Amino acid sequence: MKQLVIGLLGCVLSFFMLFLGLWQMEVFQSQADNSAAARASSPAVDLEENLVNDKVGDLYGRQVSAKGTWLAGPQFLVGTEYPLQVVGALRTEGGRTLTVVRGSIPKGASIPKPPRGKASVTGVILPTQAKESVPLPADAPQGTLGSVRLEQLAQSWPAPMIDGFVTQSAEASAAQSLGATSPEIPDIGGGKTRNRGYALQWWAFAGFGFVATAVAVRSVGRSTTAG
């Protein structure tokens, strides 16, 4: 009887810790998503006025705006499937180069030239993307990139380059005869990684609980037999 009580109690506590891990993961995920969405939908701030030592810093994930003129230089296609993103550069009024995802084009379409004259760009600013290991479309135009890698684009555009890129709104893309594209907001603050670690801690405790319960039940069984 004593073995049964210990076994049931240990299993209940261990399953409860498993549940806590799942619950914590879900809650933190929801909070992170809501926080990122709220940050991305906040009013735009002037990018160049808020740079710190010419760095984007805490602006990542926020709406920013910048004024300047579009560079007539190379325009790049980016993506691992159609439609491909069209990436160009804005030379800001402060003399910096800002990478901009102008929009997207379907398979077989040509890249529209950027507008002439003064321009204003507004969108969420994000850090450079990691090198994309997923293969490009087999029929992608030569020079297509797998991701928006600023260090690679910097070889084709004038310095200094702002260490972030902006994705235009659907309306701005349509005005340039391009399809819409949505920014993929990464875990900029590392919160998801930390929260995953907290959940794993609960699951580790649960695993320890199962092992401890088994040891306790066996120990009680041996004591009962010896007695």
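The values are calculated or read from the model by the stated rules, or taken from the named source; none is laboratory data. If you're wondering where the values come from, they're calculated on a predicted model, not measured in any experiment. Heads up, the Cβs are rebuilt from the backbone with ideal geometry, glycines too, and the neighbour counts pull from every protein chain shown.
Which of the residues that make up the range 87-146 are of a type in the set (Asp, Glu) and at pLDDT 95 or above?
Glu93
Condition check: basic (Lys, Arg), in contact with a Gly (Cβ under 8 Å, 6 or more places away or on another chain) and modelled with pLDDT of 65 or more. Does Arg62 satisfy that?
Against the criterion (basic (Lys, Arg), in contact with a Gly (Cβ under 8 Å, 6 or more places away or on another chain) and modelled with pLDDT of 65 or more), Arg62 does not qualify.
The conditions are (1) touching a residue at least 24 places away in the same chain (Cβ under 8 Å); (2) over 18 Å from Ser120 (Cβ atoms), and Leu59 fails exactly one of them. Which is it?
Among (1) touching a residue at least 24 places away in the same chain (Cβ under 8 Å); (2) over 18 Å from Ser120 (Cβ atoms), Leu59 violates only (2).
Quickly run through the range 91-117 and pick out the residues that are free of Cβ contacts under 8 Å to residues at least 60 places away in the same chain and crowded, with 18+ Cβ neighbours inside 10 Å.
Within the range 91-117, just Ile111 meets the criteria.
Going by what's in this entry, would Leu71 be described as under 20 Å from Met161 (Cβ atoms) and surrounded by 22 or more Cβ atoms within 10 Å (Cβ to Cβ)?
no
Identify all residues within the range 78-90 that are surrounded by fewer than 21 Cβ atoms within 10 Å (Cβ to Cβ) and not acidic (Asp, Glu); write none if there are none.
Passing the criteria: Thr80, Tyr82, Pro83.
If you go through the range 49-62 one residue at a time, do you hit one that is surrounded by fewer than 18 Cβ atoms within 10 Å (Cβ to Cβ), among the small types (Gly, Ala, Ser), part of a loop (DSSP other than H, G, I, E, B) and not assigned by TED's automatic domain parsing to the domain that holds Leu153?
No - not one qualifying residue is present in the range 49-62.
Does Leu77 count as more than 17 Å from Met161 (Cα to Cα), among the hydrophobic types (A, V, I, L, M, F, W, C) and either modelled with pLDDT under 90 or out of contact with any Gly (no Cβ under 9 Å at 6 or more places or on another chain) (or both)?
no
Test Gln75 against the criterion of being under 20 Å from Leu150 (Cα atoms), in the same structural domain as Gly164 (by TED's automatic domain parsing) and within 17 Å of the chain's Cα centre (by Cα), and give yes or no.
In short, no.
Just for the range 120-142: of the residues that are free of Cβ contacts under 8 Å to residues at least 60 places away in the same chain and closer than 19 Å to Glu171 by Cβ, which one is surrounded by the most Cβ atoms within 10 Å (Cβ to Cβ)? Before you say what the answer is, go through the steps one by one.
Filtering the range 120-142 for residues free of Cβ contacts under 8 Å to residues at least 60 places away in the same chain gives 120-121, 128-139, 142.
Keeping just the survivors that are closer than 19 Å to Glu171 by Cβ gives 120-121.
Details: Ser120: 10, Val121: 23.
Ranking the candidates gives Val121 first.
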